[in-house]
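*Asks:* Sharing a structure below in structure tokens format, with a few things to ask.
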Amino acid sequence: MSVAVAATIALGATGCEFMAPAQTTEIKQITDGVNVSTGKLDVRNALLISDDGDGARFIATLLNHSESDDMTVSVEVGGDTQTVEVPAQSRLDLANDGKHDTLDFPDAKTTPGSLVKVYFSYSGAEGVSANVPVLTTAQEEYATLAPTPTPTETPSGSPSATATDTPINP
């Protein structure tokens, strides 16, 4: 009798798992940024970096899956649009590590911790928008990614330091 009970329990336990959906069929995003695609363009791990809400740097990887066509990709944040070239069959990393291009949006009004609508497009495909998170440089991995401050004009008549103000010893 115990053999029959053990066989029934073993059969019942394996049957439950037989019908469970495989977790590998569900794609989970495990990055801080968001992913979107349009046509032959994939945007991966898109996020904005802003510490004070005035201006932001766009960080992402752009993938061009076209066999032979380079893309001029437009990225729009808060009405400000910038473009970047992505060669055919290649990827472009946008960051600030001395090796990659950057896209800064000095007029973007962002709130750290919020989501901002960003629009991506290129000629020949329908554009796509995504709610992109705004992160700060408080996290160690983003500490070097702050947008470059926009130079401000010095009012006329006030002193300003320039290279010519420094005395040169003969």
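*Asks:* Report the net charge of residues surrounding A88, where surrounding means a beta-carbon distance below 12 angstrom and charges are Lys +1, Arg +1, Asp -1, Glu -1.
*Replies:* Once positives and negatives cancel, what remains is -2.
*Asks:* Full-extension gain between D32 and D52, please, as 0.36 nm times their residue separation minus the C-alpha to C-alpha distance.
*Replies:* That works out to 5.3 nm of additional length.
*Asks:* Follow-up question, since we're still on this one. Counting other Cβ atoms within 10 Å of each Cβ, which trypsin sites (Lys or Arg not before Pro) in the range 56-149 have at most 16 and sit in a DSSP loop?
*Replies:* Answer in residue order: K99.
*Asks:* Given 0.36 nm per residue, what is the gain on full extension from T81 to A138 after removing their alpha carbon distance, in nm?
*Replies:* Difference between extended and current length: 17.8 nm.
Where a number appears in this text, it was derived from the coordinates with a stated rule and is not lab data. These numbers were taken from a predicted model, which means no experiment stands behind them. In this analysis, Cβ positions are derived from the backbone assuming ideal geometry, glycine residues included, and neighbour counts consider all displayed protein chains.
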